[in-house]
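**Q** Handing you this structure, nothing more for now.
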Amino acid sequence: MKLPAAWEQALVAGWWRPHCTGWHRALLPPAWLYGVAIALRKLALRKNLLAPGRRAPVPVVVVGNLVLGGAGKTPTVMALVQALQAAGRKPGVVSRGYGRRGDEVCEVTPQAQGAQVGDEPLLIRRRTGVPVWVGRDRAAAVRALLQAQPQVDLIVCDDGLQHLALQRDAQVIVFDERGAGNGQLLPAGPLREPLPAAVPARTLVLYNAPAASTPLPGALVQRQLAGAVALAEWWAGAAPTLAALQALRGCPVLAAAGLAHPARFFNMLRAAGLQITELPLPDHHDYTTLPWPPTTADVLVTEKDAVKIAPGRLGGTRVWVVPLDFQLPEGFVANLLVQCSTPCG
């Protein structure tokens, strides 16, 4: 059942308070039941009562969140893929493709539409150039990718920490500055599974934040705006420049973001000296119609938004794409590859 927008906003806002308060306490019983279901599923796997996930012929690294909503997973996937390429590996990416029409396994091409393959897989394909396949059955997506691209020697799974049908050799759990919120499971809190007391085996924790936001030890990423580039030039493959972003200082611009946590994007723009009007949009907003008045002069968007906006639709509005530059900590990829080379068991 879909909640009214105001109720949904109040529910989500309560998740990120330090403690479970107010009417969120009434949601604790279903959260406890959800926790019991998770525990029983894990027990069944340990006792071999459920079939184990399928193992791929190459190492699989899963990048995901313990919380519902964005914590920087997609920028982490792109940065990780690029770092793996720099280390001499030939990675590919699989994803469910959230928000797309259909669940079938298919390849993500640069010419694909976000509605067909999902906005995040399309962005990953365009930014990294590596093979990307989507499908509800991630194991089937891995098989299809490796059959089409046999040179791939490592799979990065975009999301899927709770998807156990595909075995993983290592996993990366991403948190942002909100951490685990009120620490409760859905629907009383944002957690998809309980926050562990210690970092699980074959797991690295990464904080897309200035400091660690949970008790789990982990590494910090460095994030900054890479600059700006006109939408048509971005579609043509042009790189952003800081000069283009700085040229917008002193001009009133509208900033639109269809993200789970758009405030992070808006705050970074203001920190860069821009005078913005905020236009927060629902996560994975489809841009079927442009959400700003046709008289708007300049609009700033994220890459996740840009993949759903064709340059020919803009009229007189200038749309600027502002990518995020994500720097993984030194030694992070080397540590991850050690995890992948260690036999499971």
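The values are calculated or read from the model by the stated rules, or taken from the named source; none is laboratory data. Predicted model, so just to flag it, every value in this text is computed and none were measured. Neighbour counts are summed over all protein chains in view; Cβ atoms, including those assigned to glycine, are modelled from backbone coordinates with ideal geometry. Each accessible area value is taken on the protein alone, full model and side chains, heavy atoms only, with ligands, DNA and RNA left out. Shrake-Rupley method; radii C 1.70, N 1.55, O 1.52, S 1.80 Å.
**Q** Might you report the magnitude of the Cβ-based charge dipole of region 226-345 about its Cα centre, with Lys and Arg at +1 and Asp and Glu at -1, to the nearest 20 debye?
**A** 200 debye
**Q** Which helices of the chain meet both criteria: a Cα extent of 18 Å or more along the helical axis and a mean Kyte-Doolittle score no lower than 0.0, with helices taken as whole DSSP H segments?
**A** 28-46, 73-86
**Q** Relative contact order of region 196-296: what whole-number percent is it, with Cα pairs under 8 angstrom and at least 6 residues apart?
**A** Value for region 196-296: 18 percent.
**Q** Running a GNM on the chain with Cα contacts under 10 Å, which residue among 294, 280, 52 ends up with the highest mean-square fluctuation?
**A** 294
**Q** Counting only other residues whose beta carbon sits under 12 Å from that of residue 39, what net charge do I get with K and R as +1, D and E as -1?
**A** +2
**Q** Using only alpha carbon positions, build the gyration tensor of region 243-345, then give the equivalent ellipsoid semi-axes as the square roots of 5 times its eigenvalues, largest first, whole angstrom.
**A** Here the semi-axes work out to 34, 17, 12 Å.
**Q** Here's something else I'd like to know. Aspartates and glutamates within cross-link reach of residue 42: Cα-Cα under 12 Å, excluding same-chain residues under 8 positions apart?
**A** 193
**Q** If you don't mind, there's one more thing I want to ask. Which of the listed residues, 226, 247, 83, is farthest toward the dipole's positive end in the chain, when Lys, Arg count +1 and Asp, Glu count -1 at the beta-carbon?
**A** Farthest towards the positive end: 83.
**Q** Order 128, 342, most accessible first, counting only protein heavy atoms with a 1.4 angstrom probe.
**A** 342, 128
**Q** In the chain, carbon and sulfur make up what percent of the accessible area (probe 1.4 Å)?
**A** The value for the chain is 58 percent carbon and sulfur by accessible area.
**Q** Now a separate question. Cut-off 10 angstrom, C-alpha nodes, Gaussian network model of the chain. Which of 84, 27, 231 fluctuates the most?
**A** Between 84, 27, 231, it is 27 that shows the largest mean-square fluctuation.
**Q** So, for the chain, what is the accessible surface per residue at a probe of 1.4 Å, expressed in square angstrom?
**A** Ligands and nucleic acids excluded, the result is 47 Å² per residue.
**Q** Still on this model: Suppose the Debye formula is applied to equal point scatterers at every Cα of the chain; what is log10 I(q)/I(0) at q = 0.10, 0.12 Å⁻¹?
**A** -0.63, -0.92
**Q** All other residues with a Cβ under 13 Å from the Cβ of residue 278 taken together, and with Lys, Arg as +1 and Asp, Glu as -1, what is their net charge?
**A** My count for the surroundings of residue 278 gives +2.
**Q** Could you work out the relative contact order of region 55-150? I mean the mean sequence separation of Cα pairs under 8 Å and 6+ apart, divided by the number of residues, in percent.
**A** Answer for region 55-150 is 28 percent.
**Q** While we're here: Probe 1.4 Å, all protein chains in place: accessible area of residue 185 in Å², nearest 10?
**A** 20 Å²
**Q** Suppose a student asked you for the relative contact order of the chain, using Cα pairs under 8 Å spaced at least 6 residues apart; what percent would you report?
**A** 19 percent
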